[in-house]
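Colleague: Mind looking over this structure? Questions follow.
The values are calculated or read from the model by the stated rules, or taken from the named source; none is laboratory data. Here the structure is a predicted model, which means the values were calculated and not measured. FYI the Cβ positions are ideal-geometry reconstructions off the backbone, even for glycines, and counts take in every protein chain you see.
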Amino acid sequence: MMIGGADSFNLLVPKCNDAYEEYMEARKKHALPKTSLTTVTATDQGTCSEWGINNLMSTVADHYQAGQALFFANTGTLTKKMTNQDDYVKESRFQLYAHNSMQHEFFTGDPLEKNAGTGVFGRMLDVLRLNGYHTSANAVTGYGGKMLTGDQLHNFPVTTVGTVPPKELNMSPTIANLYDVVKELNGKGEPGNSFLSETWSSRVATALFEHEQMVIISNDDRFEVKDYPEGYDVQLGLQFQAVAEYMMVSCF
């Protein structure tokens, strides 16, 4: 399994001799030496019983060894049963082996588009919330928001967690107190207003309020993880840190 961007972060690596040699050949300069891997024993051993988890993700290895984590390796999506002997170009409803296409299918979990525009986790959250559970959908820097999007009928929000602190809005105003004017215009509605205009104003007012709150929180040292360890990748490390700090705010 690999996570990350163009460089692809090696997370799960087979350590059995033949499989490891094949991995080394495929990954070349990006391959990890066995000394950089925490050894774990696969639950479903198959052709290889010994695997390695990147030492930078030692917490994941600990959870796996304790039976609290699972790996889904070599997973994919099909709209019908096929083998490599079939003409998948004609038989498939989407482009197999294309990174962007498979990423879309992974996020939506809906190859037949029975509920187009929704994500697999978003539909799960819909069911949980409709059954009385308190849920929260949070995407780091917007990435993965598609996966968290639920049915439009319920309109449950997806919150974007940024890796950089929010800035004050309207830092160079052309009208005095413009920020207050916008909030007043989008405040309490009046009888006769259209549904669309009221929905727009409600969303604007909510966004402004949430932004103000996040600016206050970002300036509060109590919600800063100062000793967060630096990972292999600056951007991925910032995303994990943003999640950790957001969890602190949510639990406060």
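Colleague: State which residue is surrounded by the fewest Cβ atoms within 10 Å (Cβ to Cβ) when the search covers only the stretch 22-37 and only residues that are free of Cβ contacts under 8 Å to residues at least 24 places away in the same chain and among the aliphatic types (A, V, I, L, M).
Modeller: A26
Colleague: Taking the options A205, A116, A139, A176, name whichever one is over 30 Å from Q235 (Cα atoms) and surrounded by 15 or more Cβ atoms within 10 Å (Cβ to Cβ).
Modeller: None of the other options fit; the residue is A205.
Colleague: Which condition number does Y133 fail, the rest of (1) out of contact with any Asp or Glu (no Cβ under 9 Å at 6 or more places or on another chain); (2) assigned to a loop (DSSP other than H, G, I, E, B); (3) over 19 Å from S250 (Cα atoms); (4) at pLDDT 90 or above being met?
Modeller: (3)
Colleague: If you don't mind, there's one more thing I want to ask. Quick one: in the stretch 221-240, which of the residues that are surrounded by fewer than 12 Cβ atoms within 10 Å (Cβ to Cβ) and either charged (D, E, K, R) or in contact with a strand residue (DSSP E or B) (Cβ under 6 Å, 6 or more places away or on another chain) (or both) is modelled with the lowest pLDDT?
Modeller: E230
Matching residues to (1) under 25 Å from Y246 (Cβ atoms); (2) in contact (Cβ under 8 Å) with a residue 60 or more places away in the chain:
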position	(1), (2)
E105	no, no
L112	no, no
T118	yes, no
L128	yes, no
N138	yes, yes
G150	yes, no
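Colleague: Answer yes or no as to whether L153 is of a type in the set (A, V, I, L, M), within 31 Å of the chain's Cα centre (by Cα) and loosely packed, with under 10 Cβ neighbours inside 10 Å.
Modeller: On the way: of a type in the set (A, V, I, L, M): yes; within 31 Å of the chain's Cα centre (by Cα): yes; loosely packed, with under 10 Cβ neighbours inside 10 Å: yes.
For L153, the condition - of a type in the set (A, V, I, L, M), within 31 Å of the chain's Cα centre (by Cα) and loosely packed, with under 10 Cβ neighbours inside 10 Å - is met.
Colleague: While we're on this one: Would you confirm whether any residue within the stretch 221-228 is at negative phi, part of a helix (DSSP H, G or I), free of Cβ contacts under 8 Å to residues at least 12 places away in the same chain and not assigned by TED's automatic domain parsing to the domain that holds L11?
Modeller: Start the filter on the stretch 221-228 by keeping residues that are at negative phi, which leaves 221-228.
In the following step, the residues that additionally are part of a helix (DSSP H, G or I) were identified as 221-223.
Checking which are free of Cβ contacts under 8 Å to residues at least 12 places away in the same chain leaves us with 221.
Among the residues that remain, those that are also not assigned by TED's automatic domain parsing to the domain that holds L11 are: 221.
Yes, the stretch 221-228 contains a residue that is at negative phi, part of a helix (DSSP H, G or I), free of Cβ contacts under 8 Å to residues at least 12 places away in the same chain and not assigned by TED's automatic domain parsing to the domain that holds L11.
Colleague: Okay, moving on. Can you name the residue in the stretch 52-93 that is outside any helix (DSSP H, G or I) and β-branched (V, I, T) and, of all such residues, is surrounded by the fewest Cβ atoms within 10 Å (Cβ to Cβ)? Write out each step before concluding.
Modeller: Taking the stretch 52-93 first, the residues outside any helix (DSSP H, G or I) are 52-54, 66-87, 92-93.
Retained after the next criterion (residues that are β-branched (V, I, T)): 53, 75, 77, 79, 83.
Values: I53: 25, T75: 9, T77: 17, T79: 13, T83: 6.
Among residues in the stretch 52-93 that are outside any helix (DSSP H, G or I) and β-branched (V, I, T), the one surrounded by the fewest Cβ atoms within 10 Å (Cβ to Cβ) is T83.
Colleague: Among (1) over 25 Å from T149 (Cβ atoms); (2) in a helix (DSSP H, G or I); (3) not small (G, A, S), there is one condition E210 misses while meeting the rest; what is its number?
Modeller: Failed condition: (1).
Colleague: Okay, next question. Among the residues of the stretch 162-175, is there at least one that is farther than 23 Å from G145 by Cβ, in a helix (DSSP H, G or I) and without any contact (Cβ under 8 Å) to a residue 12 or more places away in the chain?
Modeller: Step one: of the stretch 162-175, the residues farther than 23 Å from G145 by Cβ are 168, 170-175.
Retained after the next criterion (residues that are in a helix (DSSP H, G or I)): none.
Scanning the stretch 162-175 turns up no residue that is farther than 23 Å from G145 by Cβ, in a helix (DSSP H, G or I) and without any contact (Cβ under 8 Å) to a residue 12 or more places away in the chain.
Colleague: Quick check on the stretch 38-51: of everything there that is touching a helix residue (DSSP H, G or I) at 6+ places or on another chain (Cβ under 6 Å) and modelled with pLDDT of 85 or more, which residue is surrounded by the fewest Cβ atoms within 10 Å (Cβ to Cβ)? Before you say what the answer is, go through the steps one by one.
Modeller: Of all residues in the stretch 38-51, those touching a helix residue (DSSP H, G or I) at 6+ places or on another chain (Cβ under 6 Å) come to 38, 40, 48.
Still in the list and also modelled with pLDDT of 85 or more: 38, 40.
Numbers: T38: 17, V40: 19.
In this case the residue turns out to be T38.
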